[in-house]
Structures are given as C-alpha cells and as structure tokens.
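Visitor: Would you mind keeping the following structure in view while I ask a few things?
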Amino acid sequence: MDENDAYRHSKWLAFMERRLKLARTLLNPDDSVLIVTIDEKEYLRLGLLLEQTFPEAVVEMVTSVVNPRGRHRPGRFARSEEYIYFVLFGRAVVGTEADEDFVAGAGVPWRTLRRSDAASARGTAKGGPAQFYPIYVNKLGQIEEIGKALPIGMPRAAAPHRPGCTAVFPIRDSGLEMNWGLIAPALREIHARGFVRVGRHTPSKPQQFEISYFTAGKISDIDSGAAVNLGRRDDGSAIAQYVVDKRKSPTSTWSKPSHNAEVHGTELLAAFVPGRRFPFPKSLYAVEDALRLFVRHKPEAIVLDFFAGSGTTVHAVARLNRQDGGRRQSIMVTNNEVSADEAKDLRARGLRPGDPDWEALGIFEHVTRPRVTAAITGKTPEGQPVAGDYKYADAFPMAEGFEENVAFYELRYLDPDDVDLGSAFDDIAPLMWLRAGATGRVVGAPVEQRALPQYVWTGRYGVLFNEDRWRRFLSERPESACTAFIVTDSPTTFAGVAAELPTDMEVVRLPDSYLSIFLPDRGRA
C-alpha cells in the first residue's frame with residue numbers, strides 16, 4: 001500500500017482486524033495482556049479498533065521515545081517516538097518498575113526545606129504564617145534550635161537572637177521571603193531523629209545556610225525497612241541507605257536511554273548478525289521492560305509474538321529468564337518474505353519464491369533464525385563470539401549466550417490422505433509437544449525405523465499409538481508426565497485408558513485424522 005492509495009487505511013484496518021480476532025482466541029480472558037506497537041501513521045485508528053474489538057478490556061497507551069534525535073522529515077517535525085498499546089484482560093494490571101533513583105545501596109535523598117514555588121511566598125494564601133520561622137545554626141554547622149513562627153508583618157530582625165548562631169530564614173537569592181516546607185513542631189520532631197541537615201554555607205546570600213530534610217515518604221521507607229539508618233554525621237544528620245530496590249508505577253511517557261532503537265536495536269542486531277540488515281528493529285531493553293511489567297511474577301508465562309520481525313521478543317524473554325531463573329516460553333511466528341527491493345532484484349535474476357536463493361534472503365532465514373541462534377549460543381553465524389556486553393538490568397558478555405532450548409518449525413499444508421493414514425504424524429508432532437508444555441524432546445518416529453513405535457513416553461508427555469498396548473503404556477508412565485495422547489477411533493477405548501490415568505493429567509484423544517490437534521484451546525493461552 002503506497003501513500004497515494006486512497007483506501008490504504010481501510011486495507012490496513014481490515015488486515016489488523018482479522019489478526020486481532022484471531023488473537024482473541026489465544027488470549028486468556030481471565031488474565032492476559034496484548035501489546036501492540038505502532039507509529040504515528042495509524043495509531044489513532046488502531047486505538048479505535050482495539051476499543052471496538054475488545055470492549056471488555058482496559059486499553060492503555062504509552063508514548064515511547066525510540067529515536068531521541070528524531071527522524072528527519074523536511075518541512076515537518078522530526079519524529080522521535082512510537083506508541084505502545086497495552087490491552088489488559090481480566091485480572092491483568094500494569095506492574096511496577098524499579099525506581100532508578102532509589103535502588104539498593106543508594107543513599108536516601110534529601111529535599112530542600114525551603115518552598116520553591118512563588119505561590120508559597122510569605123504572606124500569600126498558600127504560605128501561612130506558621131511556616132516562616134528562624135532555624136539557628138551554630139559555627140560548627142549544627143542546628144541548635146528551631147524557633148517560633150513570626151507573625152505576618154514582623155521583620156526578620158525582630159526574631160530572638162541566639163548567641164553564636166545564625167538565624168536562617170527561607171529567603172530566595174532575590175530577597176523574596178518564602179516559607180519552610182514544614183511547620184516548626186513537625187521539623188523539631190524529625191530533627192530529633194536526625195532527618196534534618198545543614199548544607200552549604202554561603203555568607204553572601206540572604207539565606208546563608210541550605211537546610212534539607214527527609215520527606216514523609218523517605219521517612220516511611222526507613223520505618224518500613226526499605227531503607228536503613230546507618231548512623232549519624234558530625235552535624236547529627238542521619239546516614240540512610242536503601243537496602244532493597246524501591247518500585248514505582250511506570251508513567252505513560254517513556255524516555256530512557258535503554259529504549260534507543262538505533263543503539264539497542266539496529267546496532268545491537270548488527271553485533272549478532274554482522275552484515276545483515278532489518279528495517280527498524282526494536283530496542284531489546286524496551287521490549288524487555290514492557291514484558292517485565294506483566295510477567296515479573298509469572299515465571300511460567302507464555303509470550304506469543306505473531307509479528308516476530310527480527311526476533312527481539314524471544315531475545316528479551318531469554319534475558320528475563322536469566323535474571324530470575326524463570327521458565328517462560330516464547331513462541332514467535334513470522335513468514336519468510338523478502339523486501340520489495342530484494343524481490344525486484346531476485347525476479348530480474350529469474351528467481352521465484354521457493355527457489356533456495358530466494359528463500360535464503362527471506363526475513364526468517366536471513367535475520368530471525370540466525371539472530372535468535374546467535375543470541376542463545378553467543379556466536380555469530382560465522383562462528384565468532386558475539387562482541388560486546390548486555391547492559392542495564394543484567395550486564396554480562398553477549399558471548400555467554402543463554403541456557404535456553406530453541407526449536408524452529410515450518411508450518412505448511414499437509415496432504416489430507418497422509419493425515420488420515422497417520423503417515424503425517426511427524427509433521428504435527430511439534431504441535432503436540434507445544435501443547436504438552438514445550439519441554440524435553442519431541443515424540444516422533446525414530447530415524448532408524450520407518451514405523452512409529454507402539455507407544456512412547458518422555459518426561460513431559462506420552463503417546464499411545466497402538467491401543468492394544470495400553471497396559472504397558474500405563475505401567476511405564478513417568479511421574480513427571482502431565483499429558484497423554486491416545487490414538488484411537490474408539491471412544492470407549494479412550495475412556496477406559498483415560499480412567500486409568502491420574503485425574504490431574506490432561507488426556508487427549510487423537511482420531512485417525514490428527515487435524516483436531518490444530519484447534520486452539522481457548523482460555524489456556
């Protein structure tokens with residue numbers, strides 16, 4: 001669809017609507033999230049389409065800066081952001097993120113006691129008389145006394161004098177009288193705990209000493225144990241430090257260096273597959289952050305990406321698993337299209353889709369598969385260690401790879417006659433493996449024999465091919481198996497075998513046509 005196509009928006013909407021309706025069958029209505037990224041060309045239409053397609057869900061939109069310098073467009077604004085829609089179903093809620101200012105080991109920050117907004121100047125409606133009082137600081141830089149508030153109109157010079165001390169009032173450099181952030185009794189209370197301190201001394205300024213304090217939120221962190229008081233400085237102020245990461249709700253605008261798609265998308269991809277290009281790969285860390293909001297406390301989550309692109313989602317899930325020892329599964333779906341320019345050049349060479357030289361330049365064969373393989377193994381397609389280190393939440397050499405299992409499968413049409421005869425079992429075996437949890441080996445016909453075995457078990461699931469061998473099948477069931485596939489045309493035989501298996505085990509009947517395995521099981525995704 002080119003920019004001059006009057007119906008391009010309608011065509012795009014029809015394209016997206018079909019896919020969103022298919023996505024609905026895979027989403028758990030009780031607790032799942034759909035994440036969609038989009039640029040400025042279609043984000044308004046997508047928002048309306050999501051509201052229309054999923055009226056029962058909560059739809060949130062985030063603006064994410066992916067190119068801080070902006071994409072140059074003559075005569076127009078340099079576009080620097082994209083948009084992320086989060087569609088929340090059932091119990092799903094937006095999780096928290098680490099507050100980068102308050103991580104374990106960081107000192108509890110101090111806030112300036114003097115109010116900063118002009119609306120809080122002395123004598124204003126917002127700046128009541130109770131918050132204008134002297135704080136007496138001695139020559140050692142220690143607070144000796146917190147005085148009483150001065151009535152409106154009383155000059156500072158009329159405040160009581162304390163020998164050897166400077167009376168500090170909240171005064172801007174311009175001479176404007178402000179107010180302190182707390183009334184005197186409240187300040188005395190936290191000062192006794194060491195939560196007020198004297199800062200820089202500048203005799204030439206109207207306010208000669210800076211005064212800082214811990215806000216109520218920071219004091220709450222100390223009282224709750226999120227931060228610990230390690231002692232006091234010479235001036236009596238507390239030395240407090242966070243012992244656990246503090247978390248916060250994410251904002252709806254993301255502008256983080258880690259989300260720069262040029263550095264952590266394009267340049268990072270080049271480290272894994274040198275010399276191979278992909279248009280606008282996403283920042284690995286941006287995808288990781290988006291997923292973490294919803295799967296941080298779900299180590300067994302299933303993440304499906306049906307527009308897999310360069311494979312960033314799989315890569316991000318591998319990082320999340322490494323960080324907390326999770327066993328999250330990532331399923332990606334992509335085609336093997338070549339770009340329009342490449343297709344033109346290939347056709348000029350007399351090649352057509354399906355030719356080996358054509359398929360080798362498709363997105364899956366040329367970028368997605370080699371990128372994912374390089375990420376997991378830590379080696380480029382040429383066998384060299386991937387150069388560079390991961391950053392941010394988990395920093396380590398990229399060449400270390402990940403302890404993950406990855407399998408690649410091609411979806412294609414099967415001959416119905418082969419399916420009915422059972423000779424196409426190996427072609428659908430991966431789907432059974434996926435249904436049983438996608439762990440361990442895939443059950444299929446052994447290479448050394450042409451026929452399928454009578455029955456087989458893995459640590460995760462089993463398949464009974466010959467119903468006459470059901471007793472031995474049952475006797476050899478491992479305790480760890482949780483799914484059993486029974487190949488039989490007889491409902492009675494199936495019911496009899498199923499009755500002998502544990503009630504918490506999933507038992508699936510496979511009639512002579514294995515095609516029923518393709519039907520999605522709504523609510524389990």
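Visitor: Select from the stretch 219-235 the residues that are over 16 Å from G105 (Cβ atoms) and buried (at least 16 other Cβ atoms within 10 Å of the Cβ) and write down the one among them that is modelled with the highest pLDDT.
Guide: Result: I219.
Visitor: Can you name the residue in the stretch 143-155 that is more than 51 Å from the chain's Cα centre (by Cα) and within 24 Å of I190 (Cα to Cα) and, of all such residues, is surrounded by the fewest Cβ atoms within 10 Å (Cβ to Cβ)? Step through it out loud before you land on a result.
Guide: Residues of the stretch 143-155 that are more than 51 Å from the chain's Cα centre (by Cα), as a first pass: 148, 150-155.
From what's left, within 24 Å of I190 (Cα to Cα): 148, 150-151.
Values: K148: 13, L150: 19, P151: 9.
So the residue we want is P151.
Visitor: Under 6 Å between Cβ atoms, at least 6 apart or on separate chains: pull out the pairs that start in the stretch 144-163 with a residue that is at pLDDT 95 or above and end on any residue that is assigned to a helix (DSSP H, G or I) and charged (D, E, K, R).
Guide: If the second residue must be assigned to a helix (DSSP H, G or I) and charged (D, E, K, R), the pairs left are I146/R188.
Visitor: Out of everything in the stretch 460-495 that is at pLDDT 90 or above and among the small types (G, A, S), what residue ends up being nearest to L510 (Cα to Cα)?
Guide: So, considering only residues that are at pLDDT 90 or above and among the small types (G, A, S), the one nearest to L510 (Cα to Cα) is A484.
Visitor: Moving on to the next point. Tell me, which strands (runs of 3 or more DSSP E) lie completely within the stretch 62-151 with 1 or more residues that are in the same structural domain as Q207 (by TED's automatic domain parsing)?
Guide: Qualifying strands (runs of 3 or more DSSP E): 135-138, 143-146.
Visitor: Checking the conditions here, which among R200, R233 is closer than 30 Å to A149 by Cβ, touching a strand residue (DSSP E or B) at 6+ places or on another chain (Cβ under 7 Å) and without any contact (Cβ under 8 Å) to a residue 12 or more places away in the chain?
Guide: Exactly one residue qualifies, and that residue is R200.
Visitor: Can you confirm whether the stretch 31-51 contains a residue that is touching a residue at least 60 places away in the same chain (Cβ under 8 Å), farther than 21 Å from Y285 by Cβ, surrounded by 15 or more Cβ atoms within 10 Å (Cβ to Cβ) and touching a Pro at 6+ places or on another chain (Cβ under 7 Å)?
Guide: Checked against the condition, which is being touching a residue at least 60 places away in the same chain (Cβ under 8 Å), farther than 21 Å from Y285 by Cβ, surrounded by 15 or more Cβ atoms within 10 Å (Cβ to Cβ) and touching a Pro at 6+ places or on another chain (Cβ under 7 Å), the stretch 31-51 yields no hits at all.
Visitor: Please give the number of the condition A340 fails out of (1) modelled with pLDDT under 75; (2) outside the structural domain of F294 (by TED's automatic domain parsing); (3) surrounded by fewer than 17 Cβ atoms within 10 Å (Cβ to Cβ).
Guide: (2)
Visitor: Among the residues in the stretch 284-299, are any touching a strand residue (DSSP E or B) at 6+ places or on another chain (Cβ under 7 Å), surrounded by fewer than 24 Cβ atoms within 10 Å (Cβ to Cβ), of a type outside the set (G, A, S) and closer than 15 Å to V406 by Cα?
Guide: Within the stretch 284-299 (the criterion being touching a strand residue (DSSP E or B) at 6+ places or on another chain (Cβ under 7 Å), surrounded by fewer than 24 Cβ atoms within 10 Å (Cβ to Cβ), of a type outside the set (G, A, S) and closer than 15 Å to V406 by Cα), the answer is no, since none of the residues qualifies.
Visitor: Taking the stretch 467-499, which residues are acidic (D, E) and either within 20 Å of W433 (Cβ to Cβ) or surrounded by 15 or more Cβ atoms within 10 Å (Cβ to Cβ) (or both)?
Guide: E467, E476, E479
Visitor: Then there is this: Among the residues that make up the stretch 285-296, is at least one of them within 19 Å of Y85 (Cα to Cα), touching a His at 6+ places or on another chain (Cβ under 7 Å) and modelled with pLDDT of 90 or more?
Guide: Yes, because at least one residue in the stretch 285-296 is within 19 Å of Y85 (Cα to Cα), touching a His at 6+ places or on another chain (Cβ under 7 Å) and modelled with pLDDT of 90 or more.
Visitor: Using beta carbons and a limit of 7 Å, which pairs, at least six apart or on different chains, have the first residue in the stretch 328-348 and more than 18 Å from F278 (Cβ to Cβ) and the second one surrounded by fewer than 18 Cβ atoms within 10 Å (Cβ to Cβ) and hydrophobic (A, V, I, L, M, F, W, C)?
Guide: Matching pairs, first to second residue: Q329/A438; I331/L304.
Visitor: If you check F169 against the conditions, is it in contact with a Lys or Arg (Cβ under 7 Å, 6 or more places away or on another chain), more than 30 Å from K256 (Cα to Cα) and surrounded by 12 or more Cβ atoms within 10 Å (Cβ to Cβ)? Can you show your working first?
Guide: Numbers: in contact with a Lys or Arg (Cβ under 7 Å, 6 or more places away or on another chain): yes; more than 30 Å from K256 (Cα to Cα): yes; surrounded by 12 or more Cβ atoms within 10 Å (Cβ to Cβ): yes.
Taking the combined requirement at face value, the residue satisfies it.
Visitor: Evaluate the following for D389: is it surrounded by fewer than 16 Cβ atoms within 10 Å (Cβ to Cβ), out of contact with any Cys (no Cβ under 9 Å at 6 or more places or on another chain) and at pLDDT below 90?
Guide: no
Visitor: Another question, then. Restricting attention to the stretch 56-114, report how many residues are of a type in the set (V, I, T) and free of Cβ contacts under 8 Å to residues at least 12 places away in the same chain.
Guide: 1
Visitor: Step by step: first the residues of the stretch 307-329, then only those that are touching a Gly at 6+ places or on another chain (Cβ under 9 Å) and of a type outside the set (A, V, I, L, M, F, W, C), then the one that is surrounded by the fewest Cβ atoms within 10 Å (Cβ to Cβ). Which residue is that?
Guide: Within the stretch 307-329, the match that is surrounded by the fewest Cβ atoms within 10 Å (Cβ to Cβ) is Q329.
Visitor: Okay, next question. Taking the condition at pLDDT below 95, closer than 30 Å to M332 by Cα and under 19 Å from the mean Cα position of the chain (by Cα), does S255 pass?
Guide: So S255 fits the description; yes.
Visitor: Additional query: Within the stretch 26-47, does at least one residue satisfy the condition of being out of contact with any Phe, Trp or Tyr (no Cβ under 6 Å at 6 or more places or on another chain), part of a helix (DSSP H, G or I) and polar (S, T, N, Q)?
Guide: no
The values are calculated or read from the model by the stated rules, or taken from the named source; none is laboratory data. Small disclaimer: the values here were computed from a predicted structure and weren't measured. Backbone-built Cβ (ideal geometry, glycine too); neighbour counts: all protein chains shown.
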